[in-house]
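Undergrad: Mind looking over this structure? Questions follow.
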Amino acid sequence: MDGSVSYTILAVIKSLALLITLFSWVMIVYAIMKKREFMEARPGDMLAKNTEPKKDPDLQNNIRTQKIAREGWTRITGKIDATEQKDFKSAIIEADALVDAVLKAYNYSGETMGDRMKSIKKDELPSLDDLWQIHKLRNTVAHHPTYEITSKRGESALKTYEKILRELGAI
């Protein structure tokens, strides 16, 4: 009888050990996937989670929004090779996404960036017309892969995005 009780206890312990091992492996895989997702997340994605009140004057000083926007802007401008058209195209698309994330963080309403831009008053963003123009360029770049962009136009576009981010108080 002692042998069968020992055998049963040993079997239970082995089963528990197997379950704990399997659970541990699942958690390791889950942690790796979450880490990868976090590392690949664009700064703008994290900004969009900010839910402070729209147009709150204190929001201009929101350290979290500014930090993420600055990091995103530095990353965007840091990978540009002035001779590569694809770098400017990518930078324009990313800069537009960063501005959109800032608008979301400031709680401008709308389903799309265009909708959010419609809710901005000219006195809140003096370069609103420039934002519309540069957003149109982004749409052209994004939807027409053969669209050619000169380095001069690319640099001008990025300067406009920088000006807009500064006016928004994000960088």
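Undergrad: With all pairs of different alpha carbon atoms counted, what Kirkwood hydrodynamic radius in Å does the stretch 1-40 show?
TA: Kirkwood hydrodynamic radius for the stretch 1-40: 12.2 Å.
Undergrad: Gain in length, residue 167 to residue 85, computed as 0.36 nm per residue apart minus the alpha-carbon separation, to one decimal in nm?
TA: In short, 26.8 nm is gained.
Undergrad: What is the spin-label model distance, in nm, from residue 139 to residue 151 if the labels are put 7 Å beyond Cα along the C-beta direction?
TA: The answer from the label model is 3.0 nm.
Undergrad: Still on this structure, please answer the following. Here is the link list: 34/159; 35/136; 121/152; 34/79. Which ones come out longer than 27 Å on Cα distance?
TA: 34/159; 35/136; 121/152
Undergrad: If I stretch the segment between residue 109 and residue 71 completely, what's the gain in nm (0.36 nm per residue apart, minus their alpha carbon distance), one decimal?
TA: Full extension from residue 109 to residue 71 adds 11.2 nm.
Every read-out reported here was derived from the displayed coordinates using simple, explicitly stated rules and does not represent laboratory data. Keep in mind that this is a model prediction, so the values were computed, not measured. Cβ: placed from backbone, ideal geometry, glycine included. Neighbour counts: every protein chain shown.
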